[in-house]
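Okay, so here's the structure we're looking at.
Read-outs throughout are calculated quantities, based only on the coordinates presented, and are distinct from any laboratory measurement. Predicted, not measured: the structure shown is a model, and the values here were computed from it. With ideal geometry, Cβ positions are generated from the backbone for all residues, glycine too; neighbour counts draw on all protein chains shown.
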Amino acid sequence: MIRDLISVLSRPESQQELLAQTVRHLTLAGAAVLLAVVVAVPMGIMLTRTRRIAEPIMTLAGLMQTIPSVALLALMIPLLGIDWPPALAALFLYALLPILRNTYTGIKGVDPGALEAGRGMGMTSAQLLVMVELPLAFRVIMSGIRVSTVLIIGWATLAAFIGAGGLGETIMTGFAMVSTGHILAGGIPVTLLALLADFGLGVLERKVTPRGLRV
């Protein structure tokens, strides 16, 4: 097994291909998570202001998670063709729920006393959001982003099935050739990327979180 992996990695053409696939994989996963953050965080904040529709929206987002990933990718093909667009759309939908749920939970869980104190100081709703609610909910929101990032890095391997590239291509080659070396050469970097992304986001979370709120 290890010998097969070394054999694959020792070829210069394989090294260049793996590097290109890693960059494409990270770009696709990063774009999906970033797009999900841009949509889910404001939506989560909005749902705390209109709680009547919060449950239906959460349920709809949850339904997206129940659709098998390969099936969702296949459903996107008639709408968006092949390559990046359907892969990005599917990964974006999968990334939404953890960020949306954690944003909603984090904002909703802010101590009412802190909000009351802010209002007593004359803060507007926007000031309360920026200066009180978001800082207090930041760790919960970041937890959702970290979960989404790790999941999407893993799921992005399936993008290779519709021609979007990434490390899934090497894994597919391994299945086609019954080559353990190729499967490991594609699978190990995916695992390492997920671990590194989670660690990096954890460091960012600790740096940004106000000192008094760090655990």
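Could you work out Rg/(2.2 N^0.38 Å) for the stretch 2-123, with Rg from alpha carbons only?
Relative to the rule-of-thumb radius for its length, the stretch 2-123 sits at 1.52.
In a Gaussian network model over the chain where Cα atoms closer than 10 Å are linked, find which of A40, A29, A61 has the largest mean-square fluctuation.
A61
Between beta-carbons, use under 15 Å as the cut-off and find the net charge around R146, counting Lys and Arg +1, Asp and Glu -1.
Around R146, the surrounding residues sum to +2.
With the dipole of the stretch 1-153 worked out from charges on the C-beta (+1 for Lys and Arg, -1 for Asp and Glu) around the Cα centre, which of L100, Q65, I145 lies farthest toward the positive end?
L100
In sequence order, what are the phi-derived ³J(HN,Hα) couplings for the stretch 103-113 according to the Karplus relation 6.51 cos²θ - 1.76 cosθ + 1.60 with θ = phi - 60°, rounded to whole Hz, with x for glycine and proline?
Karplus values, whole Hz, x for Gly and Pro: 5, 4, 5, x, 5, 5, x, 5, 4, x, x.
I'd like the orientation of helix 168-177 relative to the chain: the angle between its Cα long axis and the longest Cα principal axis, in ° from 0 to 90, rounded to 10.
Orientation of helix 168-177: about 30 degrees from the principal axis.
Report the residue, chosen from A89, A36, A117, that carries the largest GNM mean-square fluctuation when the chain is represented by alpha-carbon nodes joined by springs under 10 Å.
Residue with maximal mean-square fluctuation among A89, A36, A117: A117.
Pairs of Cα atoms under 8 Å, at least six residues apart: use those to get the relative contact order of the chain, whole percent. Before the final figure, lay out the partial values.
Details: 266 pairs, mean separation 62.4, N = 215.
With pairs under 8 Å counted, the relative contact order is 29 percent.
Quick check on the chain: helices-only [θ] at 222 nm, where DSSP H runs of length 4 and up contribute -39,500 (n - 2.57) each and the sum goes over total residues. Nearest 500, please.
Rounded to the nearest 500, the figure is -26500 deg cm²/dmol.
On a full-extension model of 0.36 nm per residue, what is the gain between E17 and T59, subtracting their alpha-carbon distance, rounded to one decimal in nm?
Once the chain is fully extended between E17 and T59, it gains 11.1 nm.
Just R49, R24, R119 to compare: in a GNM of the chain, with alpha carbon springs under 10 Å, which one fluctuates most?
Checking each option, the largest mean-square fluctuation is seen for R119.
So what J values fall out for the stretch 125-140 if you push phi through Karplus, 6.51 cos²θ - 1.76 cosθ + 1.60 with θ = phi - 60°, rounded to Hz, Gly and Pro as x?
Values per residue, Gly and Pro as x: 4, 5, 5, 4, 4, 6, 9, 10, 5, 5, x, 6, 8, 4, 5, 5 Hz.
Could you give the angle, 0 to 90 degrees to the nearest 10, between helix 12-49's Cα long axis and the longest principal axis of the Cα atoms of the chain?
Approximately 20 degrees, to the nearest ten.
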